[in-house]
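The values are calculated or read from the model by the stated rules, or taken from the named source; none is laboratory data. Computed from a predicted structure; not experimentally measured. Cβ sites come from the backbone with ideal geometry, for glycine too, and all protein chains shown count toward neighbours.
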Amino acid sequence: MNTLNTLEVLGPSGHVTLEWDPKDPESVATARAEFNRLKKCGFVFFTSKAKHAQEWKDFPAKRRRLDARAPDEELEQTSSFRPRRRRTVAVAQMRGG
């Protein structure tokens, strides 16, 4: 089982994923620094309440699209870095023009 946590960055340059080991202080510090950098740039963050990422092995017949995450994964908005959370998603704020 993969023990790495992820910070998924959804921004103007595409989708980038940063992984860290919650037991490794150096990788946690790197992830925290990136979280703080993105926060200063105006990103909004959501984190999974699940203790472990859920991946599908068998897709229900009624699903018509491929989705690597369970549909019932519950996310909550956060403004602070939570190194033990399995999945954090950073989203760039939309700008009107």
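Miscellaneous remarks
- Those residues of the stretch 7-37 which are closer than 14 Å to Val89 by Cβ and in contact with a helix residue (DSSP H, G or I) (Cβ under 9 Å, 6 or more places away or on another chain), in sequence order: Leu7, Val9, Gly11, Leu18, Glu19
- Test for Gln93: is it assigned to a loop (DSSP other than H, G, I, E, B), at pLDDT 80 or above and out of contact with any helix residue (DSSP H, G or I) (no Cβ under 6 Å at 6 or more places or on another chain): yes
- Every pair of residues 6+ apart whose Cβ atoms lie under 8 Å, when the first sits in the stretch 24-42 and is part of a helix (DSSP H, G or I) and modelled with pLDDT of 95 or more while the second is among the hydroxyl-bearing types (Ser, Thr, Tyr) and surrounded by 10 or more Cβ atoms within 10 Å (Cβ to Cβ): Phe35/Thr88
- Those residues of the stretch 7-31 which are crowded, with 17+ Cβ neighbours inside 10 Å and more than 13 Å from the chain's Cα centre (by Cα), in sequence order: Ser27, Val28
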